[in-house]
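Report on the structure given below.
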Amino acid sequence: MMKLPNFLVVGFPKCGSTALHYYLEAHPSIYMPTQKELHYFTSDKLIKLNKGPGDKEVKKFMITEKSAYKAAYKNVKNEKMVGDASPSYINHPDRIPKIKALLGEPKIIILLRDPIKRAYSNYLHLKREQREHLSFYEALKAEEQRKRDKYSDFWYYHFNSTYFEKVDAFVKAFDDVLIITQEELNQDTTKKALEVYKFLGVEELIPENIEQRYNAGGLYKDNWITRTFLRQSKLRSGIKRVLPITPKMKRIKERVMAKYQKSAPPIPLEAENYLVDKCWGDVKKIEEKLHVDISLWNKKFLN
């Protein structure tokens, strides 16, 4: 009988799901699909949001059919835990019934991050793909119009940094939910990886790739190498179809790209203050009602 996921890493975007995916994949008792981020349970909504620059190329890899979703797990053997790491799921709690209908009661892992840094990382991601051309503050102010214009939800920097109601919906809907922050994962990666393994009920061993860092972020020098790896294009899509990114290839890519990384400018104060004001109430609910440690987040939330 074919196995389907019994746990999900549901998001948020730019909160460390890529790194966690590879730490999970390194465990012998855990199966992760070759394609990271299947987005099956949200694909019917997300596929319609494709009017932003480069959005249509990104959507080409989204799994939209149940048969294709099941095919992503055809190579599962005797692994105890089978996962799906798709950061869009958390933003759409209305898809919880769809998840339950197919998977029953999967364990849920939720990744959070300082909402200001998360939003800026989201913005820089689109900047290095040469899709975002507004300043960070201008882009924040343009968010509502971009929603109306049917841009992909990856462009919604504030929306993706709004946590409480979405997290609360998953906590109430599922029996086993683990919430961790990217700051905790970065501060003591081994400790957090072992905590995740314990939550999943597999042997608490240190993965061989625990020192590897994934998706360093920031910005990169503009040359043909960085454009090939970063810019959304038919060429890049073609390469991904022919050569799915294995953990080994991911490590090679990270080493190559590290040579061209450059420092990103600091978050502009006007954008920071704008987001602190917009996110204040949400962060307080995350801290007080869900007991998330925000001590490593923006100090303006601690007052």
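Values for this structure:
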quantity: Members of region 1-13 found to be at pLDDT below 95 and surrounded by fewer than 23 Cβ atoms within 10 Å (Cβ to Cβ), listed by number; calculated: 1, 2, 3
quantity: Flag for residue 98 being touching a residue at least 12 places away in the same chain (Cβ under 8 Å), closer than 28 Å to residue 150 by Cα, charged (D, E, K, R) and outside any helix (DSSP H, G or I); calculated: no
quantity: Filter result for residue 175 (of a type in the set (Asp, Glu), in a helix (DSSP H, G or I) and within 23 Å of residue 7 (Cβ to Cβ)); calculated: no
quantity: Of residues in region 30-48 being more than 14 Å from the chain's Cα centre (by Cα) and charged (D, E, K, R), the one nearest to residue 151 (Cα to Cα); calculated: 48
quantity: Residue count for region 103-158, restricted to those that are within 30 Å of residue 2 (Cα to Cα) and either among the hydrophobic types (A, V, I, L, M, F, W, C) or touching a strand residue (DSSP E or B) at 6+ places or on another chain (Cβ under 6 Å) (or both); calculated: 7
quantity: Number of the condition not met by residue 162 [criteria: (1) surrounded by fewer than 21 Cβ atoms within 10 Å (Cβ to Cβ); (2) more than 19 Å from residue 279 (Cα to Cα); (3) among the hydroxyl-bearing types (Ser, Thr, Tyr)]; calculated: (2)
quantity: Leading residue by the ranking (farthest from residue 93 (Cα to Cα)) among those in region 165-200 that are of a type in the set (Lys, Arg) and exposed (fewer than 15 other Cβ atoms within 10 Å of the Cβ); calculated: 191
quantity: Complete set of residues in region 182-205 that are closer than 23 Å to residue 105 by Cα and touching a residue at least 24 places away in the same chain (Cβ under 8 Å); calculated: 193, 196, 197, 199, 200, 201, 202, 203
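The rows are residues; the columns are (1) outside any helix (DSSP H, G or I); (2) in contact (Cβ under 8 Å) with a residue 40 or more places away in the chain; (3) crowded, with 20+ Cβ neighbours inside 10 Å.
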position	(1), (2), (3)
15	yes, yes, yes
21	no, yes, yes
38	yes, yes, yes
44	no, no, no
48	yes, yes, no
51	yes, yes, no
63	yes, no, yes
67	no, no, no
70	no, yes, no
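The values are calculated or read from the model by the stated rules, or taken from the named source; none is laboratory data. Note that the structure is predicted; figures quoted are calculated from it, not measured. Every residue, glycine as well, gets a Cβ built from its backbone with ideal geometry; the counts of neighbours run over all protein chains shown.
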